[in-house]
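Here's the structure, in structure tokens; my notes come after.
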Amino acid sequence: MRASLPVDRAAASMHNAAMVNRLSQRAPLFLVVVVLGLFPSAAAAAEGDGGSKDRDESSLADKPIGAGSCAKRVRELKELLADLSYLPRANGSCMKEEEGFALTAFQKQEGIKVDGKADRKTLKRLVKAKTPDPGRGGDSDRLIVSLKRQVLYIVKGDEVTRTIAIASGRAGFSTPRGRYKIYRKERNSYSNEFNVNLPWASYFVRGIAFHSSNDVARRPASHGCIRVPPPFAREVYRDAPLGRQVVVF
């Protein structure tokens, strides 16, 4: 015989089950899957399980989704990120480097803990989120950098097609705000001043460029350049042709 739930846990299970039933009537299937992952007690109640006292609270559904995670819900997570402009597509059911950087971009955009993992708070935000809107007006293709959020928006017309985590210039090397244009491009650039390679570099003011780097920290960290995660560096290089407008604010 199953042990009965304490009153407060039973009430919580009934509430969560009702929430899932309401959500399933108006939301796509993948949203329901995400919520079931967030609220395992709701899944148990919806199945008539009753939620036994000895339920394993450390099940996979309760663990953050991070690098190396492989499950159906990972695919659903990727679809959410792709729909919101953080990924170009949703491929496979395992978390890879690209998805980790995409989650980092989402967390920076939302102003929540940045760790590249999808915990409960991040998943709840994803379900409710909308495609970012950096504002700044205009109807031309452009690259917009938010120094406050530490993200780059690739904008085509009036649509944000990609939102990417970046690291701008740290204190003493601040990336200058303003409107610029891409004036030089080098796939394999090099900084003599700082003795460092700058792959996929697109320069927009003085010696400051967008370029590939694995070190996309939680906060400004460069010598003024805009660091872009390697999985997105070629895309930025492609969408930053000579003359393309760059807005830094």
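Each reported figure results from applying straightforward, stated rules to the coordinates on display, with no laboratory input. Quantities reported herein were computed from a predicted structural model and do not represent experimental measurements. Reconstructed Cβ throughout: ideal geometry from the backbone, glycine too, with neighbour counts over all protein chains shown.
So here's what we get for this one:
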{"quantity": "Trypsin sites (Lys or Arg not before Pro) within the stretch 93-175: DSSP coil, no more than 11 neighbouring Cβ in 10 Å", "calculated": "Lys113, Lys130, Lys148"}
{"quantity": "Spin-label pair Tyr183/Arg170, simplified geometry with 7 Å Cα→Cβ offset, distance in nm", "calculated": "2.8 nm"}
{"quantity": "FRET efficiency for Asn192 and Arg234, using Cβ-Cβ distance with R0 set to 25 Å, rounded to 0.05", "calculated": "0.55"}
{"quantity": "The stretch 81-152 shape via C-alpha gyration tensor axes, a/c threshold 1.5", "calculated": "prolate"}
{"quantity": "Cα gyration tensor, the stretch 142-248 - rounded (a/c under 1.5), prolate or oblate", "calculated": "rounded"}
{"quantity": "Cleavage-rule hits (trypsin sites (Lys or Arg not before Pro)) in the stretch 195-249: DSSP loop, at most 10 neighbouring Cβ within 10 angstrom", "calculated": "Arg206"}
{"quantity": "Distance in nm between pseudo-label sites at Asp115 and Ala217 (7 Å out along the Cβ direction from Cα)", "calculated": "2.0 nm"}
{"quantity": "Net charge contributed by nearby residues that have their C-beta within less than 10 Å of Pro199 (K/R +1, D/E -1)", "calculated": "+1"}
